[in-house]
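Trainee: This is the structure I have questions about; it appears just below.
The values are calculated or read from the model by the stated rules, or taken from the named source; none is laboratory data. The shown structure was predicted, so the numbers you read here are calculated from the model rather than taken from an experiment. Every residue, glycine among them, receives a Cβ derived from its backbone with ideal geometry; neighbour counts consider all protein chains shown.
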Protein chains: 2
Amino acid sequence: MSHDDVYPASLQCGDCPIRHRAVCARCEANELDELESVKYYRSFEAGQTVIWSGDKMDFVASVVSGIATLTQTLEDGRTQMVGLLLPSDFVGRPGRDRAAYNITATTDILMCCFRRKPFEELMERTPHIAQRLLQMTLDELDAAREWMLLLGRKTAREKIASLLSIVARRDASIRHRRTDNRLTFDLPLTREAMADYLGLTLETVSRQISALKRDGVIELEGKRHVTVPDMERLMIEAGDDSDGGLIV
Amino acid sequence: MSHDDVYPASLQCGDCPIRHRAVCARCEANELDELESVKYYRSFEAGQTVIWSGDKMDFVASVVSGIATLTQTLEDGRTQMVGLLLPSDFVGRPGRDRAAYNITATTDILMCCFRRKPFEELMERTPHIAQRLLQMTLDELDAAREWMLLLGRKTAREKIASLLSIVARRDASIRHRRTDNRLTFDLPLTREAMADYLGLTLETVSRQISALKRDGVIELEGKRHVTVPDMERLMIEAGDDSDGGLIV
DNA sequence: CGACCGCTTGAGTCCCATCAAAGACTGTGG
DNA sequence: CCACAGTCTTTGATGGGACTCAAGCGGTCG
């Protein structure tokens, strides 16, 4: 166990990189002050477990930087990822004192934590927080439902293509590199994590990636660096609605 | 097309069967009055489509009675159910003017509709509504994630057992018939709807139900009337965490 | 009665999981 | 420097679980 205690000396909410996307997005100056008084930072290294399902959890948090995963498991070890936590995503549930899922850091991550009780009280008094949280939860619900369609009805090849196109689009929307329809990005996940996300085995993931490469749908440089020569082609492989889903 | 216009003469919120569970659960008398002024009822017959994905939707609603389904489809017709709407469940999304899913009435249903714009304005002013909606949305998100585990990792037999145990428990919690661990209920879904829910084909659903019957896990009377002689046994077949999920 | 719908059951096929082995890369220690 | 272990990944061989295609049953409705 090395240091999961590299807390930033102090980060002002005003300077926070997720200030305008996280649960605090709508807060005004005085509301931020209140949040600031109950917040603290925690960081975790890639591979570390943030919390185990069922564990006591007396904080809620925002992911400031890095990537984490939300997973559920069956007794015999079968694992399904049920969410991917990206910067600005919210962790935990007000009113619930135990974690419902395993949270694992995929990369090094920094989280902005709020003690749960004070946060809940603050939420009662501050509609801006509840409103934003509602929005974010509705978005997550939509994402979960899109994923249900993928898990229930798509083939392995379509699943891989879907994941790649989602990562590609997210990446393109962050760095505004809209060079034609050619896109390049890094996969933030191992083959195993992809398998857990897609409801496949890692062997099948590997095979289907190889197949997409062989068929010219994607190009690979190393294991993780992907370029998509023709985004439209990839979308077709994903089997989604034609146009390409405007929803983030 | 027969009459989908059997509106109840008038139903006072105070007498509403879902008064204390729906989105209005936390509202006080004066808030109810406001809701009452923008509400109207619509009913649909079993089998009717309430709305198509992508259609304009200028209302949100609560299911008062009956059952409806939320489904998503791929271009080639593959269908996945992404939600089951039971009495008190909320339909639509504030701030979104088009339906994201197909909604179909499984039984005759009655919906309490609110014009969207006034509802949104009311929500801004009425934290009680937003708070309740947040709770309900978080519950739905949990349900969706549990379903992701089922879709991604469970076998056909486990999927069927899971569905049966969910319906059984819900039914038992409504009518307080806790006779030992023997339970009896009706399936509200056709084999095809079950298949769409579980990410299976209707043939596989039928075969697995037959198998569970043959193995004595369930007993069948007709096609829809199920009795579970030993609830614990069913839970084991479902592959879930041992104890049996206290979460409603 | 015949048509239709929901459901069951059978036969054959295929996609993906499983089991197994080996390649690519990294870091560690002799 | 290289040997070695460990992790991540690829690829092959095999089998099985669920899908597909197809036929038939029982009930309801026109």
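Let's see how each residue does on (1) surrounded by fewer than 22 Cβ atoms within 10 Å (Cβ to Cβ); (2) closer than 30 Å to A:M194 by Cβ:
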site: B:F90; (1), (2): yes, no
site: B:D97; (1), (2): yes, no
site: B:D108; (1), (2): yes, no
site: B:E124; (1), (2): yes, no
site: B:R157; (1), (2): yes, yes
site: B:I160; (1), (2): no, yes
site: B:I166; (1), (2): yes, yes
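Trainee: Please specify each residue of region B:85-119 satisfying the condition of being more than 14 Å from every other protein chain (Cβ to nearest Cβ) and part of a loop (DSSP other than H, G, I, E, B). Before the answer, list the steps.
Mentor: Filtering region B:85-119 down to residues more than 14 Å from every other protein chain (Cβ to nearest Cβ) leaves B:86-88, B:104-118.
If the condition is that a residue be more than 14 Å from every other protein chain (Cβ to nearest Cβ) and part of a loop (DSSP other than H, G, I, E, B), then B:L86, B:P87, B:S88, B:T106, B:T107, B:D108 are the ones that fit.
Trainee: So, in region A:17-53, of the ones that are within 14 Å of another protein chain (Cβ to nearest Cβ) and touching a Lys or Arg at 6+ places or on another chain (Cβ under 6 Å), which residue ends up farthest from DNA strand D (Cβ to nearest atom)? Quick ask: steps written out before the conclusion?
Mentor: In the first step, residues of region A:17-53 are kept if they are within 14 Å of another protein chain (Cβ to nearest Cβ); the result is A:23, A:26, A:52-53.
Next, from what is left, pick out any that are touching a Lys or Arg at 6+ places or on another chain (Cβ under 6 Å): A:23, A:26.
Values: A:V23: 31, A:R26: 38 Å.
Applying the filter and picking the extreme gives A:R26.
To keep it simple, each residue is scored yes or no on (1) of a type outside the set (G, A, S); (2) within 21 Å of A:A100 (Cβ to Cβ); (3) touching a strand residue (DSSP E or B) at 6+ places or on another chain (Cβ under 9 Å).
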| residue | (1), (2), (3) |
| --- | --- |
| B:I67 | yes, no, yes |
| B:S88 | no, no, yes |
| B:A105 | no, no, yes |
| B:L138 | yes, yes, no |
| B:D142 | yes, yes, no |
| B:E146 | yes, yes, yes |
| B:L150 | yes, yes, yes |
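Trainee: Testing B:H128 on (1) buried (at least 18 other Cβ atoms within 10 Å of the Cβ); (2) part of a helix (DSSP H, G or I), one condition comes back false. Which one is that?
Mentor: Going through (1) buried (at least 18 other Cβ atoms within 10 Å of the Cβ); (2) part of a helix (DSSP H, G or I) one by one, B:H128 breaks only (1).
Trainee: Are there any pairs, at least 6 apart or on different chains, whose C-beta atoms fall under 9 Å, with the first in region B:180-197 and more than 11 Å from DNA strand C (Cβ to nearest atom) and the second part of a helix (DSSP H, G or I) and polar (S, T, N, Q), and if so, which?
Mentor: Pairs found: none.
Trainee: Among (1) closer than 25 Å to B:A105 by Cα; (2) buried (at least 18 other Cβ atoms within 10 Å of the Cβ); (3) of a type in the set (D, E, K, R), there is one condition B:D186 misses while meeting the rest; what is its number?
Mentor: (2)
Trainee: Restricting region B:136-189 to residues that are in a loop (DSSP other than H, G, I, E, B) and within 13 Å of chain A (Cβ to nearest Cβ), which is nearest to DNA strand D (Cβ to nearest atom)?
Mentor: Step one: filter region B:136-189 for residues in a loop (DSSP other than H, G, I, E, B), giving B:154-155, B:175-182, B:187-189.
Okay, now just the ones that are also within 13 Å of chain A (Cβ to nearest Cβ), so B:154-155.
Details: B:K154: 8, B:T155: 3 Å.
Of everything passing the filter in region B:136-189, B:T155 is nearest to DNA strand D (Cβ to nearest atom).
Trainee: Please find, within region B:207-218, the residue that is farthest from DNA strand C (Cβ to nearest atom) out of those that are more than 24 Å from the chain's Cα centre (by Cα) and not in a loop (DSSP other than H, G, I, E, B). I'd like the intermediate steps shown before the answer.
Mentor: We begin by selecting, within region B:207-218, every residue more than 24 Å from the chain's Cα centre (by Cα); these are B:207, B:210-217.
Keeping just the survivors that are not in a loop (DSSP other than H, G, I, E, B) gives B:207, B:210-214.
On the way: B:R207: 5, B:S210: 3, B:A211: 8, B:L212: 10, B:K213: 8, B:R214: 8 Å.
The qualifying residue farthest from DNA strand C (Cβ to nearest atom) is B:L212.
Trainee: If you scan region B:226-248, which residues turn out to be more than 16 Å from A:L74 (Cα to Cα), assigned to a loop (DSSP other than H, G, I, E, B) and modelled with pLDDT of 85 or more?
Mentor: Taking region B:226-248 and keeping what is more than 16 Å from A:L74 (Cα to Cα), we get B:226-233, B:246-248.
Those still in the list that are assigned to a loop (DSSP other than H, G, I, E, B) too: B:229-230, B:246-248.
Answer for region B:226-248, where residues must be more than 16 Å from A:L74 (Cα to Cα), assigned to a loop (DSSP other than H, G, I, E, B) and modelled with pLDDT of 85 or more: B:P229, B:D230.
Trainee: Does at least one position in region A:30-53 carry a residue that is of a type in the set (K, R) and more than 24 Å from A:T190 (Cβ to Cβ)? Give the derivation first.
Mentor: Taking region A:30-53 as the starting set, the residues that turn out to be of a type in the set (K, R) are A:39, A:42.
With more than 24 Å from A:T190 (Cβ to Cβ) added as a condition, the list becomes A:39.
Within region A:30-53 (the criterion being of a type in the set (K, R) and more than 24 Å from A:T190 (Cβ to Cβ)), the answer is yes, since at least one residue qualifies.
Trainee: Return a yes/no flag: does region B:95-107 have any residue that is farther than 18 Å from B:G54 by Cα and within 16 Å of the chain's Cα centre (by Cα). Please lay out each step first, then the result.
Mentor: The first filter runs over region B:95-107 and keeps only residues farther than 18 Å from B:G54 by Cα, leaving B:106-107.
Checking which are within 16 Å of the chain's Cα centre (by Cα) leaves us with B:106-107.
Yes, region B:95-107 has at least one match.
Trainee: Criterion first (at pLDDT below 95, within 13 Å of another protein chain (Cβ to nearest Cβ) and out of contact with any strand residue (DSSP E or B) (no Cβ under 9 Å at 6 or more places or on another chain)) does A:R78 satisfy it? Spell out the reasoning first.
Mentor: Working: at pLDDT below 95: no; within 13 Å of another protein chain (Cβ to nearest Cβ): yes; out of contact with any strand residue (DSSP E or B) (no Cβ under 9 Å at 6 or more places or on another chain): yes.
Against the criterion (at pLDDT below 95, within 13 Å of another protein chain (Cβ to nearest Cβ) and out of contact with any strand residue (DSSP E or B) (no Cβ under 9 Å at 6 or more places or on another chain)), A:R78 does not qualify.
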